[in-house]
Each structure stands twice: as structure tokens, then as C-alpha cells.
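Inspection log for the structure reproduced underneath, given as C-alpha cells.
FYI, it's all coordinate maths here, none of it is from the lab. Just so it is clear, the structure is predicted and the values come from calculations on it, not from any experiment. Heads up, the Cβs are rebuilt from the backbone with ideal geometry, glycines too, and the neighbour counts pull from every protein chain shown.
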Amino acid sequence: MPPIDESTDAGTARAARAALGSAPGSRAGTGFDPGAGTDCEDTLDLRLSDELIALFAGDTFSRDGTADGTAHRTTAGAVHGARGGSPEETTDADDLLDRVGGWGPARTSAGALHLVPVRAGRDLALVHRWMNDPAVAEFWELAGPEAVVEHHVLRQLDGDGRSVPCIGVLDGTPMSYWEIYRADLDPLARHYPARPHDTGIHLLIGGVADRGRGLGSTLLRAVADHVLDRRPSCARVVAEPDLRNTPSVSAFLSAGFRFSAEVDLPGKRGALMIRDRSLRDLL
């Protein structure tokens, strides 16, 4: 689920980890383990509908930590680069993420950020380069030949719309990679008390120059609030960065997320971070 850091006094090792904000971590594993710091306010007796149970039953897991069949092909306007061919637009009436590509810019103190849904032919080389940065690869585990990243991205693009990979374009410059996903329909929901329409965020910041100066927190806050603005049915934005990635956890806290629990996910122990609609003006 990403590559960012709020800390500016971190040493070399911490600065490297700042590249990753919240990499995908919703892998198959044991049941929910509240661990230390569980917020009892988040617990509830969640009864899944037959539809959700059917969706979960169809999930399988892969090495990189996301469920097979995880996203819908969408696009925004021509925000960066040559697109080649006519723009693609989602037309499904029941789009699971309310058409991320049409959300428009998120206004931040660093400029206007557009989330532009990935197009494989245009964006794979860029995402591949970012994934092979050692600071990113430590947590995303997608380093290697371009085919590794291609598989990860195409599985989302060819999926059912529950996860949309995007390029973050800040004032016209592609500088980050995002995955906006339905956490309540993701295998992550097996590891915490999910609520309907919970929306998850994964983030990595591509350029070294953009890391370690608080930009990650600025963008996370803006995008989380953008999700809440564009998805009225969503009451919470969630993330699960690796607990070892202290700069990332710090960035989420600075972005108005609260630490809810530690969760055991295959391959990592995650920090469940939540930004609540009801608390957005207080945190």
C-alpha cells in the first residue's frame, strides 16, 4: 500500500526509508490481531453481505501483497505526457471508486496535484524506474525487470475496479505513484474491522529531491481529504505502512491520520492508520 517522510532530521538510513509511504501489504494471512494500541472505537460486529463474501472468495494473493484482480481502467484528462489514441473513460454506473480519474486537482500548499490513472504504454517505464530505487524497493518489493511492475499494474487495470493505480502530477510534473483502493473489498479487510466504503491509500514519491522535507505529509493530507470530498459514502481513509518504516508512519500522523492498531500481514507487521471524516477538522 508507500514512500514518504515527514522527518527532516533523519539520518541516511531513515532518509532512504522515507522513499516509501505505505507499500501494499494486504496479504493473505491469519485473522485480525489488534496488537498494541488497538482503538476499541474501531471495533464493530461487521456482517458482510453475500456480494462482499463472493468478492472475497474470488481473491488470491501474490508475492507483492495485493489481491489478484484489483482495479478498473480509468483516466483523467491529458494532464501529463502524450497519451496516444483517444482518452479512455470509465462508464460503469457502479464504478467502485467514484471515477478517480475525474476527481480533478487536489489543492495543496505545494501546488495542484492531479491523480492521473496509469496507462501502461505511457507510464510503466517511469513507475519501473521508481520501483528500482533501493529506498522504494525495500518496502514495495517490485524491483527487477519491467515485467514485474507491468504484472503488478496490469492486474489492477484488468480487474474489477477496486484499486486504481495513478501517477501523481504536481503542477504538471509526474512525481509520485498512488494506489487508491477499496479497503473494505480488499483482503486487508480480513485483518481489521472494516467499514463499508473504507478507502485505502498507497503512495511512493519518485524523486529523491522530493523526499525528507515534509512533502509526503502535505500530499497525503490533501489526497485523503480529496477522497472524502469525492466519495461521500466513505467515512474513513486507511493505510497500513510497515511498522519498521518510522518516517512513513510519522508522515501519516502529520497528515491527520491516527494510529489505530498493529496488524499482522503476511510479509510485514503494519501500522493501521486512519483518517476519519468526523475528525478531519481536528487533526
Report summary line: Note on the range 205-283: the mean projected area of its alpha-carbon convex hull, in nm², is 5.8
Query raised in the report: Which of the trypsin sites (Lys or Arg not before Pro) found in the range 94-129 are loop residues per DSSP with 13 or fewer other Cβ atoms within 10 Å of their Cβ?
Result: none
Requested in this report: Determine ³J(HN,Hα), in whole Hz, for all residues of the range 222-239 in sequence, where each value follows from phi through the Karplus function 6.51 cos²θ - 1.76 cosθ + 1.60 and θ = phi - 60°; x replaces Gly and Pro.
Outcome: 5, 6, 4, 5, 5, 4, 5, 5, 8, 10, x, 7, 8, 9, 8, 10, 10, 8
Query - Theoretical gain in end-to-end length, R107 to L243 [0.36 nm per residue, Cα-Cα removed] - result: 46.1 nm
Query raised in the report: Any idea what log10 I(q)/I(0) is at q = 0.10, 0.19, 0.22 Å⁻¹ for the range 145-283, Debye with uniform C-alpha scatterers and no solvent?
Result: -0.32, -1.27, -1.63
Report task. With a Förster radius of 25 Å, plug the Cβ-Cβ distance of A235 and A143 into 1/(1 + (r/R0)^6) and report the FRET value to the nearest 0.05. Result -> 0.10
Report task. Only Lys, Arg, Asp and Glu count, each charged at its Cβ (+1, +1, -1, -1), so figure out the dipole size of the range 99-254 about its Cα centre, rounded to 20 debye. Result -> 420
Query raised in the report: Hey, what do the phi angles of the range 182-196 turn into as Karplus ³J(HN,Hα) couplings, whole Hz, using 6.51/-1.76/1.60 and θ = phi - 60°, x for Gly and Pro?
Result: 7, 5, 6, 9, 9, x, 3, 4, 6, 10, 7, x, 5, 10, x
